[in-house]
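The values are calculated or read from the model by the stated rules, or taken from the named source; none is laboratory data. Not measured: the values here are computed from a predicted model. So basically every Cβ, Gly included, is an ideal-geometry build from the backbone, and we count neighbours across all protein chains shown. The protein model used for the area step is the full one, side chains on, heavy atoms only, and it has no ligands, DNA or RNA in it. Shrake-Rupley method; radii C 1.70, N 1.55, O 1.52, S 1.80 Å.
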Amino acid sequence: MTRGHFVVLEGGDASGKSTQARRLAWRLEAAGRTVVETFEPGATETGRHIRALLLEGPERIQPIVEALLLAADRAQQVAEVVRPALDRGDDVVSDRYVPSSLAYQGVGRGLGVDVVEQINQVATGGLDPDVVVVLDVTDAVATERHVGPPDRLERAGADFHATVRRAYRDLAAERGWTLVAGIGPEDEVHELVWKAVAGRLDLEA
Ligand code: TYD
């Protein structure tokens, strides 16, 4: 059986990636694929505890502890969700994966991309996505879109989030991730995401 495709949607807070991940999954299904949708952090039972600690826990979690907790969540979800799905031949669409940790913890928290990559290499057993799409929005658009009380990471501040968005752009250029402008109408952004993914996976666009 051929292994499924592993597609990751990425972007800073309020980039619209959760909506786009869902639409991408539907589109892949419409193209005849079987799709498992997942997200980070918190898609497994273990992960839900880790997510609560990360987003509602103490403000003073050390950056390296934050990175390790995220990697632990990821290890659990790779083992429980992602690998079994890919092995069955299903496609997986994940709302966030290792690139989030490189941008938020590696650059945003200042841990360094290399060390965060090493931790994640262990956590994932080296499982790399087939395609990474990064939704890019301006700082102004992200601020404007924000609703509701901020969680622990959202409270990290505007400078932190601007740094993360910049990190995504730099890392995308270095690593061959596809950068898509996330500022247009939802349908247009979806078409751009679909084109990027279909092109990479050799599906009919
Ligand atoms: P979530 O409520 O899932 O929001 P979003 O829609 O932005 O994904 O919150 C996840 C938060 O965790 C978000 O602020 C990004 C952060 N995060 C990291 O800092 N590093 C990571 O590796 C991951 C997966 C998420």
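Over the residues of the chain, the helix contribution to mean residue ellipticity at 222 nm works out to -15500 deg cm²/dmol, using -39500 (n - 2.57) for each DSSP H run of at least 4. Summary of packing: across the peptides 112-118, 144-150, 20-26, the per-residue average of other C-beta atoms within 10 Å ranks them, highest first, as 20-26, 112-118, 144-150. Working ranking of peptides 61-70, 169-178 by packing, defined as the average number of other Cβ atoms within 10 Å per residue, highest first, is 61-70, 169-178. A protection proxy built from the mean count of other Cβ atoms within 10 Å ranks the segments 8-17, 102-111, most packed first, as 8-17, 102-111. Pairwise alpha-carbon distances in segment 1-158 exceed 21 Å for 46% of all pairs. One decimal place: the segment A79-R175 gains 32.1 nm when fully extended, by the rule 0.36 nm per residue minus the C-alpha distance. Size estimate for segment 88-205 follows the Kirkwood approach: the inverse of mean 1/r over distinct Cα pairs works out to 15.7 Å. Residue separation of S18 and D187 scaled by 0.36 nm, minus their Cα-Cα distance, works out to 59.5 nm of gained length. Per-residue extension of 0.36 nm, minus the Cα-Cα distance of A158 and D87, leaves a gain of 21.5 nm for this segment. On a per residue basis, segment 68-173 carries 42 Å² of accessible surface, using protein heavy atoms and a 1.4 Å probe.
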